[in-house]
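The values are calculated or read from the model by the stated rules, or taken from the named source; none is laboratory data. Owing to the predicted nature of the structure, the values given are computational and were not obtained by experimental measurement. So basically every Cβ, Gly included, is an ideal-geometry build from the backbone, and we count neighbours across all protein chains shown. Surface areas here come from the heavy atoms of the whole protein model, side chains and all, with no ligands, DNA or RNA. Shrake-Rupley method; radii C 1.70, N 1.55, O 1.52, S 1.80 Å.
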Amino acid sequence: MITTKALIKRGLRLAGLEPIRPTKLEKLARYHQDAAAASLHNAQTQLGAVSDATLRLCEEYAVAVLGDKVYAPWLKVYATVCGEFKEGWVPDNYYGRYVVGRRKGAYGFISYQRALSKVLFDTNANPDIAYVVNERLFDANYKIQSTAAIEQLLFPERDSVVFKTEGSKQGNGIFFFYKEKFSLSAVMALGNGVFQSIVRQHSDLAQYEPGATSTIRITTIVSDTGTAYAAAAYLRVPRQGDSHVISSNCICVSINLTDGALNRVGYSPNWELRQTHPDSGVAFAGKYVPSFSKCVELACSLHEQYPLPECIGWDILVDMAGVPKVIEWNGEHNGIKFSEATTGPCFKRLNWSQLWQSPD
């Protein structure tokens, strides 16, 4: 069956014309239009609608301060979650359009090249064991290894490892391999990536979901003087049956930057309020992230080693001994929506709202 879309394309070709392909910015705008509409619907369904006056404030602010009404939908999401409008919020599509483009560029995109972490960061808080790069096998010191040597490296005293493909994000592109069923050819078929040891998490975090590891997302900023600081933080707790944190299914709980205390409520991906973990029933109120100050110190020290992207999101685990481990970092379009909606505005002092006023 030939679709209408296919007929239109065929007609254009017969007429000697090429269909107008949407630009990258147009695709981005369309994606955010749909994503913000869905998120707003979910937030209003779960939390109730805010006043028409609040929604108008979002529209007026988008045009007057940020330069375009297309930024209003994400502001409406934030306002619905927060219950009021707050000046200084950064809409997710504005962040992608101007902050990622102007304040990060290709230097942020480097974070997807997983094997570069050892080059960029001088730290022992990295669980990398080996890399697959361009159909070759490397150890953590970038020495080329044979198949046999890599297998010995991966499973000296451990039974399993995790493999993350380049560009993996939101819980996708993550695979667990076990010693008794390990197939290097299956790994090679996945393309470039990193092998990491599996970190056994702290008991304070394991109480929510012992079958998978919770991650701490810390968003850091490098100031004009080169000093990094934490702008936002939240805990991502996996659901029962998931092998790891999956963005489309986990529970997110904001963290107080001062003392590491968890907010009394968390949110599901569709903004459903949760005072307890939906599977274990463990409450969030009165709980603290173990070694949180060390997690912040680690994230900031690493960002100061690589200060080229102004903003970086760090995924950190805390092991059984309370030692933080960085399992991933995102220097490109790291997520800001949850933090902006629940604890924002997180970036008001940076004057990002003025970026649109200067030419690209």
Q) Does any residue of the range 63-72 turn out to be aromatic (Phe, Trp, Tyr), buried (at least 22 other Cβ atoms within 10 Å of the Cβ) and assigned to a helix (DSSP H, G or I)? A) yes
Q | Lone unmet requirement of (1) open to solvent by less than 30 Å² (accessible area, probe 1.4 Å); (2) closer than 21 Å to Ala231 by Cβ; (3) touching a Ser or Thr at 6+ places or on another chain (Cβ under 7 Å) for Glu84 | A | (1)
Q. Take the residues of the range 242-291 that are under 22 Å from Lys164 (Cβ atoms) and not hydrophobic (A, V, I, L, M, F, W, C): which is surrounded by the most Cβ atoms within 10 Å (Cβ to Cβ)?
A. His244
Q. Which number in (1) open to solvent by 20 Å² or more (accessible area, probe 1.4 Å); (2) over 30 Å from Leu55 (Cα atoms); (3) not acidic (Asp, Glu) marks the one condition that Ala115 misses?
A. (1)
Q | One residue from Val132, Val90, Val50 being within 29 Å of Val323 (Cα to Cα) and surrounded by 20 or more Cβ atoms within 10 Å (Cβ to Cβ) | A | Val132
Q | Sole exception among (1) open to solvent by less than 70 Å² (accessible area, probe 1.4 Å); (2) hydroxyl-bearing (Ser, Thr, Tyr); (3) in contact (Cβ under 8 Å) with a residue 12 or more places away in the chain for Ser146, by number | A | (3)
**Q.** Evaluation of Arg239 against (1) open to solvent by less than 20 Å² (accessible area, probe 1.4 Å); (2) out of contact with any Gly (no Cβ under 6 Å at 6 or more places or on another chain) (one fails), failing number
**A.** (1)
Q. What is the one condition in (1) among the hydroxyl-bearing types (Ser, Thr, Tyr); (2) touching a strand residue (DSSP E or B) at 6+ places or on another chain (Cβ under 9 Å); (3) open to solvent by 20 Å² or more (accessible area, probe 1.4 Å) that Ser339 does not satisfy?
A. (3)
Q | Filtered residues of the range 93-112 (kept if hydroxyl-bearing (Ser, Thr, Tyr) and surrounded by fewer than 20 Cβ atoms within 10 Å (Cβ to Cβ)) | A | Tyr107, Tyr112
Q) Does Ser353 satisfy being open to solvent by less than 10 Å² (accessible area, probe 1.4 Å) and assigned to a helix (DSSP H, G or I)? A) no
Q: Keeping to the range 184-216, report how many residues are of a type outside the set (A, V, I, L, M, F, W, C), farther than 18 Å from Gln240 by Cβ and open to solvent by less than 60 Å² (accessible area, probe 1.4 Å).
A: 6
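Residue-wise test of (1) out of contact with any strand residue (DSSP E or B) (no Cβ under 9 Å at 6 or more places or on another chain); (2) among the β-branched types (Val, Ile, Thr); (3) under 17 Å from Lys118 (Cβ atoms).
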residue: Glu151; (1), (2), (3): yes, no, no
residue: Glu166; (1), (2), (3): no, no, yes
residue: Gly173; (1), (2), (3): no, no, no
residue: Val187; (1), (2), (3): no, yes, no
Q: Starting from residues that are hydrophobic (A, V, I, L, M, F, W, C), surrounded by 23 or more Cβ atoms within 10 Å (Cβ to Cβ) and within 16 Å of the chain's Cα centre (by Cα), keep the ones in the range 292-326 and report whichever is farthest from Arg103 (Cα to Cα).
A: Leu317
